Amino acid sequence: MVIKVYIASSSGSTAIKKQQQDVLGFLEANKIEFEEKDIAANEENRKWMRENVPEDSRPASGNPLPPRLFNDSRYLGDYEAFFEARENNAVYAFLGLTAPPGSKVAEAVCMAVSCSDSVLRDALIPSSPKEKVSFKKEKYNAVVLLNFYIACYSLGRCV
């Protein structure tokens, strides 16, 4: 899976430039591999981005503006969607990636699902990064179960 960030290197909009810098800076700082695709310097990139942004994510008038994020060819969202995911400590889930075990994101997910219970904590952050997780449903209420499945799905460890 390759994260692709579509940007415009020669945008006249200060807001777009700041948004692009914000996305790229976050990905670099968190060592998340990505490809930068410039729609200003490459017509094929511009055409591909415009064709692959879903209708419901397009502006009412005009063309979709960068930054736009994709995981391979799957559309992830625009800057607002990325920003919301970042604010909710859900960037890895937004990007369709597994958060590294022990990372702040994994710990934040754990806190969100009441990991004071050591069984749940151990299930969410197992010793092996590839280990799949599950637990006995009858021990937990519906809210904890829902949060658990959201968390383990975002970490890529559900069975």
If I ask for residues that are in a helix (DSSP H, G or I) and surrounded by fewer than 16 Cβ atoms within 10 Å (Cβ to Cβ), which ones from segment 13-37 would you list?
Thr14, Ala15, Lys18, Gln21, Asp22, Leu24, Gly25, Phe26, Glu28, Ala29
Considering segment 54-64 alone, what residues qualify as being surrounded by 11 or more Cβ atoms within 10 Å (Cβ to Cβ) and closer than 20 Å to Glu43 by Cβ?
Arg58, Asn63, Pro64
Show the residue pairs that are 6+ apart or on different chains and have beta-carbon atoms under 8 Å apart, the first residue being within segment 35-53 and of a type outside the set (A, V, I, L, M), the second being part of a helix (DSSP H, G or I).
Glu36/Leu24; Lys37/Asn45; Lys37/Trp48; Lys37/Met49; Asp38/Asn45
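For every residue, the table says whether it meets (1) within 14 Å of the chain's Cα centre (by Cα); (2) among the aliphatic types (A, V, I, L, M); (3) within 12 Å of Pro67 (Cα to Cα).
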site	(1), (2), (3)
Met1	yes, yes, no
Val23	yes, yes, yes
Ala41	no, yes, no
Lys47	no, no, no
Val53	no, yes, yes
Subset of segment 65-103 (residues that are surrounded by 12 or more Cβ atoms within 10 Å (Cβ to Cβ), at pLDDT below 95 and of a type in the set (D, E, K, R)):
Glu84, Arg86
Do we have any residue at all in segment 44-64 that's of a type in the set (Val, Ile, Thr), assigned to a loop (DSSP other than H, G, I, E, B) and at pLDDT below 95?
no
The one condition Gly25 fails out of (1) in contact with a Lys or Arg (Cβ under 7 Å, 6 or more places away or on another chain); (2) among the small types (Gly, Ala, Ser); (3) at pLDDT 95 or above is (1)
If you check every pair at least six apart or on different chains, which have Cβ atoms under 8 Å apart with a residue in segment 74-91 that is touching a residue at least 12 places away in the same chain (Cβ under 8 Å) and more than 16 Å from Phe34 (Cβ to Cβ) first and a residue that is buried (at least 16 other Cβ atoms within 10 Å of the Cβ) and of a type outside the set (A, V, I, L, M, F, W, C) second?
Ala90/Ser154
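The values are calculated or read from the model by the stated rules, or taken from the named source; none is laboratory data. For clarity, every value in this text was computed on a predicted model and none was experimentally measured. Backbone-built Cβ (ideal geometry, glycine too); neighbour counts: all protein chains shown.
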